[in-house]
Amino acid sequence: MTMIPLNSLARHVEGMQAAISRAAVEVIASGHYVLGPRVVAFERDFAAYCGVSHCVGVANGTDALELALKAVGVAPGDTVAVAANAAMYGTSAALAAGARVAFVDVEPCIGTLDPSGLRRLLESEPAPKAVIVTHLYGRLARMDEILRLARDAGVRVVEDCAQAHGARAADGRRAGALGDVASFSFYPTKNLGALGDGGAIVTDDAGIAAQASRLRQYGWTAKYTNTVPGGRNSRLDEIQAAMLSVMLPMLDGWNERRRLTANRYSQEIQNPRIQVPPVAGEDYVAHLYVVCSPERDALRTHLTACGVQSEPHYPAADHRQPCHGGRFADIVLPVTEMQCEQVLSLPCFPEITDEEVESVIDACNRF
Ligand SMILES: *Cc1c(COP(=O)(O)O)cnc(C)c1O
């Protein structure tokens, strides 16, 4: 039996094979391979797409988060608030910046940072230096409330947009243009994905952008002048920038197709044992389509038997990961911990066929 895949990069790349091959050949002949003219061009176009004035290309999304934290002034010993349900990305970045982490619980099912959890944190402890807000699964977090709380407390807001390229708020502003600074990943499976690793930091603040571009290259203010502490090598390749420039004009169309599939699932999966996320508009770009079920493992077994791939995103909360050696053993995050047991992603990618979508719906309804 051929399985309906969670995602298919082979199908995704097939349609643009000729264009990306041509772009790669041009880079090879150009004599520029790292931080050259193609990176500059992509940075300009991606900043314009996001609706901000600056974009700094970096090596991957985790570096983008770490350097964004440093660029807004997070220093060793500072605290960073973060949700614990996004596969350790934010937590790793905060720890790599030398910060302490303060975990905040998330909203049921949709899994984005719970503003009331942030409010409680701000009431009970000295304010963190920054909060990382992950637009999890491609859905914008409740930014109005989070921004109001953060502004009142003097907390910097770092948006993690690695799953949310192109998502739009009701006023038309895109993910990445809402907080003080934002990070993106261009890992191949992301909504905008290169053919290798890549990432970016975007911001409207010229000072933050300048600091980020120093941090990505050894903390240099001039060649071989290492001025900024915490700098290192995190650069974007010309090949990846060229690939991304070919793909950027297609992003909105891909997101539309992802959202169409997600909304069909939310309307047509009707099973009291499966909780679906709400039908969504442009604030959700369906990076992952995630349902919740108290019988998650049985649902997964059933789907596999029906020829449908599925996967929990994510199965373990950050504060329960073994790398901490029990440091966070006392911390309890009820919604986060329950979701780790219940979440399951269904196949959702731009090239999925109508027949496949119908088979997934049918399999869920037969559970
Ligand atoms: C993928 C991802 C990252 C990390 O990006 P890499 O390029 O793999 O380092 C960070 N945050 C979120 C939410 C992600 O999905």
Checklist entry - Which ones in the range 89-106 are surrounded by fewer than 19 Cβ atoms within 10 Å (Cβ to Cβ) and either assigned to a loop (DSSP other than H, G, I, E, B) or of a type in the set (Asp, Glu) (or both)? => result GLY98
Checklist entry - Among the numbered criteria (1) away from the ligand (no atom under 12 Å from the Cβ); (2) modelled with pLDDT of 95 or more; (3) at positive phi, which single criterion is violated by CYS109? => result (2)
Checklist outcome for this item: Within the range 189-209, the residues that are away from the ligand (no atom under 14 Å from the Cβ) and farther than 15 Å from GLU66 by Cα are ASP204, ASP205, ALA206, GLY207
Checklist entry - Is there a residue in the range 53-65 that is touching a residue at least 12 places away in the same chain (Cβ under 8 Å), closer than 22 Å to GLY207 by Cβ and away from the ligand (no atom under 16 Å from the Cβ)? => result yes
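Yes or no, residue by residue, for (1) more than 21 Å from ASN365 (Cα to Cα); (2) hydrophobic (A, V, I, L, M, F, W, C); (3) assigned to a strand (DSSP E or B):
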| position | (1), (2), (3) |
| --- | --- |
| ALA316 | yes, yes, no |
| CYS323 | yes, yes, no |
| PHE328 | yes, yes, no |
| ILE331 | yes, yes, no |
| VAL335 | yes, yes, no |
| GLU341 | no, no, no |
| SER345 | no, no, yes |
| PRO350 | yes, no, no |
Next on the checklist: Quick check on ALA150: is it surrounded by 23 or more Cβ atoms within 10 Å (Cβ to Cβ), away from the ligand (no atom under 16 Å from the Cβ) and not in a strand (DSSP E or B)?
Outcome noted: yes
Checklist entry - Can you tell me which of ALA286, ALA262 is in a loop (DSSP other than H, G, I, E, B) and buried (at least 22 other Cβ atoms within 10 Å of the Cβ)? => result ALA286
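Every residue, every condition in (1) free of Cβ contacts under 8 Å to residues at least 12 places away in the same chain; (2) among the aliphatic types (A, V, I, L, M); (3) assigned by TED's automatic domain parsing to the domain that holds GLY73, yes or no:
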residue: GLN211; (1), (2), (3): no, no, yes
residue: ASN226; (1), (2), (3): yes, no, yes
residue: LEU260; (1), (2), (3): yes, yes, no
residue: GLN267; (1), (2), (3): no, no, no
residue: PRO278; (1), (2), (3): no, no, no
residue: VAL291; (1), (2), (3): no, yes, no
residue: ARG296; (1), (2), (3): no, no, no
residue: ARG300; (1), (2), (3): no, no, no
residue: GLN321; (1), (2), (3): no, no, no
Item to check | Filter result for the condition that a residue is at pLDDT 95 or above, within 12 Å of the ligand (Cβ to nearest atom), small (Gly, Ala, Ser) and in contact with a helix residue (DSSP H, G or I) (Cβ under 9 Å, 6 or more places away or on another chain), over ALA71, ALA86, ALA97 | outcome: ALA86
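The values are calculated or read from the model by the stated rules, or taken from the named source; none is laboratory data. What you see is a predicted model, and the numbers here were worked out from it, not measured in a lab. All Cβ positions, glycine included, derive from the backbone under ideal geometry; neighbour counts span all protein chains shown.
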